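Below is one structure, written out as structure tokens; comments come after it.
The values are calculated or read from the model by the stated rules, or taken from the named source; none is laboratory data. These numbers come from a predicted model, not from an experiment. Here Cβ is always computed from backbone atoms with ideal geometry, including for glycine, and neighbour counts include all displayed protein chains. Side chains included, ligands, DNA and RNA excluded: accessible areas come from the protein's heavy atoms. Shrake-Rupley method; radii C 1.70, N 1.55, O 1.52, S 1.80 Å.
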Amino acid sequence: MRKLKNNKIMMIILLIFTISITGCSTKKPDIEDSKILLENNNEDLEREKDEEDNVVEDKLVEDDKDLDEEDTPANEEEMMEEGLSGEDKIDSKDQDNDKAILKTEETIKEKKPDKVQNAELPKEEVVEKKNAIKIKGNVGKESTFTLDELKNMTEIIFEDDFYSLNNFGTTGYTHFKGVNLWKLLEQKSDISTNASKIKIIATDGYEVEFTIEQVKRQDYIDESNPDKAFPMIIAWEEEGKEYNVSDGPPYKLIVGQTEAGDINKPQWVSKIDRIIVE
Ligand SMILES: Nc1nc2c(c(=O)[nH]1)N[C@H]1C(S)=C(S)[C@@H](COP(=O)(O)O)O[C@H]1N2
Ligand SMILES: [Mo]
């Protein structure tokens, strides 16, 4: 009887032991389970990210396709817009999408030369001549003359002391050297026979208009010296000194007087950007 009781106690102890061990062993799979769960979660996250990346890449490939399929743009501006919008799209995306960024950049780089070639713009429009004066509008030859080109037109160069009178009654004499404007328009730009006027436009917005008759005139006067006769000129030199190009285009329109008392100085246009013939 006592042995049986002892056995019972032993059984109970064993049971408790077993339960305690089982308790421990049930914990272990729990941890492993959560590990697996975590791994599954990570896999899910990675898969999700991959999917996202694919979407991003697909979209960029689509964008590239759009660029490829589009007809040749009319001008360089359009091309730039395309390039910029491509970059905008990249900016809004995951930053670690280097591959996709590279791909788009390459595409843009590849496209540029094509489109510039296709544009077939006249050389003057693509590469602006430095310190040049433009003649546009109602002429046979729209032209852009550099300072060196003007200096080489020796047969139409004119220089003299010009008399000036301004709004305040201030007078003066200034030595100018330049080209005869009418001869420039007639001989170098093939001005149209029906041209009626010209506009001289400066980089600061100052603008003076003359009729063709005024431009043709070769006998402007100096009210203080009846022996003089002047054409309108585009001067690049004043008092023996060339204009400083850092001040603006080195050209100034100079005109004499039509009669005594004629206020001619406000008609002198400095920093000329262009001459428009109408
Ligand atoms: N580009 C440009 N040219 C200009 C002007 C101007 O404001 N801008 N002012 C005109 C006027 S009103 C006068 S009186 C003379 C003044 O010439 P000055 O600055 O050599 O005295 O330039 C004329 N040419
Ligand atoms: Mo003036």
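Of note:
- Residues of region 156-176 that turn out to be within 15 Å of ligand 1 (Cβ to nearest atom), of a type in the set (Phe, Trp, Tyr) and surrounded by 16 or more Cβ atoms within 10 Å (Cβ to Cβ), as a count: 3
- Every test in (1) among the small types (Gly, Ala, Ser); (2) more than 19 Å from ILE276 (Cα to Cα); (3) more than 16 Å from ligand 1 (Cβ to nearest atom) is passed by SER192 save one, and that test is (2).
- For region 177-198, the set of residues classified as open to solvent by 50 Å² or more (accessible area, probe 1.4 Å) and not in a loop (DSSP other than H, G, I, E, B) consists of LYS177, LYS183, GLU186, GLN187, LYS188, LYS197, listed by residue number.
- The single residue among GLU239, GLU259 that is free of Cβ contacts under 8 Å to residues at least 60 places away in the same chain, of a type in the set (Asp, Glu) and open to solvent by 70 Å² or more (accessible area, probe 1.4 Å) turns out to be GLU259.
- Selection status of LYS151, basic (Lys, Arg), modelled with pLDDT of 95 or more and surrounded by 18 or more Cβ atoms within 10 Å (Cβ to Cβ): no
- Considering region 137-167, the residues that are in contact (Cβ under 8 Å) with a residue 24 or more places away in the chain and among the hydroxyl-bearing types (Ser, Thr, Tyr) include one that is nearest to ligand 2 (Cβ to nearest atom), namely SER164.
- Looking only at region 203-213, and only at residues there that are within 20 Å of VAL139 (Cα to Cα) and within 15 Å of ligand 2 (Cβ to nearest atom), the one that is surrounded by the fewest Cβ atoms within 10 Å (Cβ to Cβ): GLU207
- Restricting region 262-272 to residues that are open to solvent by 30 Å² or more (accessible area, probe 1.4 Å) and touching a strand residue (DSSP E or B) at 6+ places or on another chain (Cβ under 6 Å), the residue that is farthest from ligand 2 (Cβ to nearest atom): LYS271
- Selection status of ASP227, surrounded by fewer than 17 Cβ atoms within 10 Å (Cβ to Cβ), away from ligand 2 (no atom under 16 Å from the Cβ) and over 18 Å from ALA132 (Cα atoms): yes
- Of all residues making up region 246-256, the number that are open to solvent by 50 Å² or more (accessible area, probe 1.4 Å) and either among the basic types (Lys, Arg) or within 15 Å of ligand 1 (Cβ to nearest atom) (or both): 1
- Residue list for region 260-278, restricted to those being closer than 12 Å to TYR163 by Cα and either more than 8 Å from ligand 1 (Cβ to nearest atom) or in a strand (DSSP E or B) (or both): ALA260, GLY261, ASP262, ILE263, ASN264
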